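One structure below.
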Amino acid sequence: MKLNENNKTAIPKKDDSDKKWLLIDAEGMILGRLATRIATVLRGKDKPTYTPFFDNGDFVIIINADKIKLSGNKEEQKVYYRHSGWMGGIKETSYLKMMETHPERILKAAVKGMLPKNKLNSKILKKLKIYSGTDHKHKAQQPETLTF
């Protein structure tokens, strides 16, 4: 970190950031509560060097995304929408259908909604790796297990 002229504010640089790889097992966890914690780690808000305009967060690997739970009656009521851009082109998919086909997209959509809507969004989201089973391809990075 480099201090500015009046030695009060530290301005981070890309070289100064030490990004860790963290592994989270999502089995039995509630979707929204897990997504808020993931978004905090991805942005780097849990570090003392947090800066809103700088990507200082860690990489996050999530396994067992297909075993996430929802509270209340959301399993039957929750619906995901997307639009083709054409008139009348709105498509909808229920939570249960999405869980059968692409369970990792559910968690990615929840985390994406909790990130800032600016140019950092896509950079931060690239550090999120989600897998529906217990196997992942990031063993070479030696991720640390993170528990909540």
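The values are calculated or read from the model by the stated rules, or taken from the named source; none is laboratory data. Here the structure is a predicted model, which means the values were calculated and not measured. Every residue, glycine among them, receives a Cβ derived from its backbone with ideal geometry; neighbour counts consider all protein chains shown.
Which residue pairs have Cβ atoms closer than 7 Å, lie 6 or more positions apart in sequence or on different chains, and pair a first residue in the range 31-54 that is touching a residue at least 12 places away in the same chain (Cβ under 8 Å) with a second residue that is exposed (fewer than 15 other Cβ atoms within 10 Å of the Cβ) and hydrophobic (A, V, I, L, M, F, W, C)?
Close Cβ pairs (under 7 Å, with a partner that is exposed (fewer than 15 other Cβ atoms within 10 Å of the Cβ) and hydrophobic (A, V, I, L, M, F, W, C)) amount to 37/148; 49/1.
Would you check which residues across the range 52-97 are out of contact with any helix residue (DSSP H, G or I) (no Cβ under 7 Å at 6 or more places or on another chain) and among the acidic types (Asp, Glu) and list them?
If the condition is that a residue be out of contact with any helix residue (DSSP H, G or I) (no Cβ under 7 Å at 6 or more places or on another chain) and among the acidic types (Asp, Glu), then 76, 92 are the ones that fit.
Inside the range 65-147, counting only helices (runs of 4 or more DSSP H) that do not spill past its ends, which hold 1 or more residues that are hydroxyl-bearing (Ser, Thr, Tyr)?
95-101, 120-125
Which condition does residue 55 not pass, out of (1) surrounded by 11 or more Cβ atoms within 10 Å (Cβ to Cβ); (2) in a helix (DSSP H, G or I), if it passes all the others?
For residue 55, the exception is condition (2).
Identify all residues within the range 83-100 that are among the polar types (S, T, N, Q) and farther than 24 Å from residue 73 by Cα; write none if there are none.
Step one: of the range 83-100, the residues among the polar types (S, T, N, Q) are 84, 93-94.
84 - this is the single residue of the range 83-100 that is among the polar types (S, T, N, Q) and farther than 24 Å from residue 73 by Cα.
Are any residues in the range 58-77 surrounded by fewer than 16 Cβ atoms within 10 Å (Cβ to Cβ), acidic (Asp, Glu) and either over 18 Å from residue 27 (Cα atoms) or touching a residue at least 40 places away in the same chain (Cβ under 8 Å) (or both), and if so, which ones?
76, the sole residue that qualifies.
Among the residues of the range 119-141, write down those that are surrounded by 11 or more Cβ atoms within 10 Å (Cβ to Cβ) and polar (S, T, N, Q).
Selection gives 121, 132, 141.
Looking only at the range 34-44, filter to residues that are out of contact with any helix residue (DSSP H, G or I) (no Cβ under 8 Å at 6 or more places or on another chain) and modelled with pLDDT of 95 or more; which one of those is surrounded by the fewest Cβ atoms within 10 Å (Cβ to Cβ)?
36
Kindly check whether there is at least one residue in the range 118-127 that is under 22 Å from residue 27 (Cβ atoms) and at pLDDT 95 or above. First the steps, then the outcome.
Filtering the range 118-127 down to residues under 22 Å from residue 27 (Cβ atoms) leaves 127.
Right, trim to at pLDDT 95 or above and you get 127.
There is at least one residue in the range 118-127 that is under 22 Å from residue 27 (Cβ atoms) and at pLDDT 95 or above.
Looking at the range 10-30, which of its residues are in contact (Cβ under 8 Å) with a residue 24 or more places away in the chain, assigned to a loop (DSSP other than H, G, I, E, B) and either more than 13 Å from the chain's Cα centre (by Cα) or surrounded by fewer than 20 Cβ atoms within 10 Å (Cβ to Cβ) (or both)?
12, 17, 19, 20, 27, 28, 29
Which condition breaks for residue 50 when tested against (1) among the aromatic types (Phe, Trp, Tyr); (2) modelled with pLDDT under 95; (3) in contact with a Leu (Cβ under 8 Å, 6 or more places away or on another chain)?
The one condition residue 50 does not meet is (3).
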